[in-house]
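Scroll down for the structure; my scribbles are underneath it.
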Amino acid sequence: MTKPAFLITIDTEGDNLWQNHDRISTENTRFLPRFQTLCEKYACKPVYLTNYEMAVDAQYVEFARDVIARGTGEVGMHLHAWNSPPLTPLTEDDWRHKPYLIEYPADQIRAKVDHMTKLLEDTFQTKMLSHRAGRWAFNEFYASLLLEYGYQVDCSVTPRVNWQYSPGNPQGNGGTDYRHFPSKAYFIDPANIAQPGDSTLLEVPMSIQYKHSALMNAVKQGYDRLRGKKRSPSVHWLRPSGNNLDKMKLVAERSLAQGHDYVEFMLHSSEFMPGGSPTFKTEQDIDALYRDLEQLFAWLQQRTVGMTLAEYYQLKVN
């Protein structure tokens with residue numbers, strides 16, 4: 001590559017899944033064309049990692065089919081286990097606990113991956129190549145299924161982040177601990193997804209940097225242990241949170257300085273809708289988000305080239 005890749009990943013899912021629901025709405029579909037237009041202005045190609053409720057939303061399907069037909073983005077798979085068929089309860093209230101897919105029995109994990117993959121491929125008439133796990137929970141069995149179903153790229157790894165303190169099933173062990181995973185893209189070892197191997201599944205970890213130096217992180221973690229507090233190290237993501245444009249640029253700068261041949265951005269589709277998330281509650285919040293995105297994308301256009309995850313994969317294998 002003459003320039004590093006700029007990878008935009010959108011967890012494309014229902015409205016405000018941070019709240020407790022007994023049903024899910026998909027109003028945020030109506031707000032995606034504005035973002036797609038911005039991406040095309042800066043020659044970016046977003047990857048819409050799509051979960052069940054969006055895959056059966058007619059308006060979203062029409063939008064995403066158009067993106068695919070024009071070659072201006074990609075649709076991949078995203079799977080929230082608690083509402084993705086076939087449905088078999090794991091806890092006394094799956095909608096409240098939102099259990100991780102990796103907490104389900106193996107046959108149910110397989111059935112859900114099978115159903116979502118076939119639904120997306122039938123709906124969009126294209127092979128699903130890219131994937132992100134719901135709630136970032138990934139393991140070796142999950143990876144083996146992605147390989148079996150012909151996926152080429154996973155982007156579930158969040159380096160430097162430990163999700164074990166974020167519960168799913170109250171009787172479970174929380175999410176995946178990514179603190180010692182690589183931060184650069186690598187073909188995974190199916191026997192140990194935390195290290196490179198010779199499989200055909202490319203892991204593209206999120207662009208995440210520590211907030212503090214290694215020494216300060218060690219001090220903070222030691223202090224937390226003394227106080228009995230359990231939390232993941234403090235990090236910055238290439239992800240808008242309101243008023244964090246400079247921090248996003250810093251994450252990109254550090255990643256590129258460390259020799260990464262890509263930077264990876266993420267947001268949820270619902271965060272483009274006023275009130276669709278806890279972060280962007282009003283139209284003014286959304287307008288501020290777009291001002292930040294405009295500046296970030298313009299800044300990155302000078303340093304990177306926009307592409308989909310599938311296109312990035314082809315560059316890695318050729």
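Some observations on this one:
- Label-point separation, Ala191 to Glu140 (7 Å along Cα→Cβ), nm: 0.8 nm
- By definition, a body whose alpha carbon gyration tensor gives a ≥ b ≥ c is oblate when a/c is 1.5 or more and a/b is not larger than b/c, and the range 267-312 fits this oblate description.
- Cysteines not pairable in the chain (beta carbon separation under 4.7 Å absent): Cys155
- Database remark: amide H of Thr50 closer than 5 angstrom to the amide H of Thr12, Gly76, Met77, His78 (H placed geometrically; neighbours at sequence offset of 5 or more, or on other chains; Pro and chain starts carry no H).
- Close amide H pairs (under 5 Å, H built 1.01 Å from N) link Met307 with Phe6, Ile8, Lys45, residues at least 5 positions away or on another chain.
- The chain: most fluctuating residue of Val47, Val153, Val56 per GNM, C-alpha cutoff 10 Å: Val56
- Fully extending the segment from Lys41 to Leu87, taken as 0.36 nm per residue of separation minus the present Cα-Cα distance, adds 12.5 nm.
- Between amide H atoms placed 1.01 Å from N, distances below 5 Å from Arg179 occur with Arg160, Val161, all of them 5 or more places distant or on a separate chain.
- Within the set (i) 175; (ii) 164; (iii) 136, the number that volume of the Cα convex hull per residue in Å³ takes when calculated for this structure is listed as (iii).
- Prolate/oblate/rounded call for the range 57-134, Cα gyration tensor, a/c under 1.5 rounded: prolate
- Violating pairs (Cα-Cα greater than 32 angstrom) within the set Lys98/Lys184; Lys45/Lys281; Lys127/Lys281; Lys41/Lys127; Lys112/Lys249; Lys118/Lys249: Lys127/Lys281; Lys112/Lys249; Lys118/Lys249
- Three-way shape label, the range 1-130, alpha-carbon gyration tensor, a/c 1.5: prolate
- Surface composition of the chain: carbon and sulfur make up 49 percent of the accessible area, probe 1.4 Å.
- Residue with peak Gaussian network fluctuation, the chain [Cα springs, cutoff 10 Å], from Asp292, Asp198, Asp114: Asp198
- Accessible area (Å², per residue) of the chain, counting only protein heavy atoms and a probe of 1.4 Å: 43 Å²
- Taking the chain as a Gaussian network of alpha-carbon nodes connected by springs under 10 Å, the highest mean-square fluctuation of the residues Gly150, Gly76, Gly14 belongs to Gly150.
- Remark: the Gln171-Thr200 segment gains 7.0 nm on full extension, using 0.36 nm per residue and subtracting the alpha carbon distance.
The values are calculated or read from the model by the stated rules, or taken from the named source; none is laboratory data. Here the structure is a predicted model, which means the values were calculated and not measured. All Cβ positions, glycine included, derive from the backbone under ideal geometry; neighbour counts span all protein chains shown. Ligands, DNA and RNA are excluded from the accessible area calculation, which covers all protein heavy atoms including side chains. Shrake-Rupley method; radii C 1.70, N 1.55, O 1.52, S 1.80 Å.
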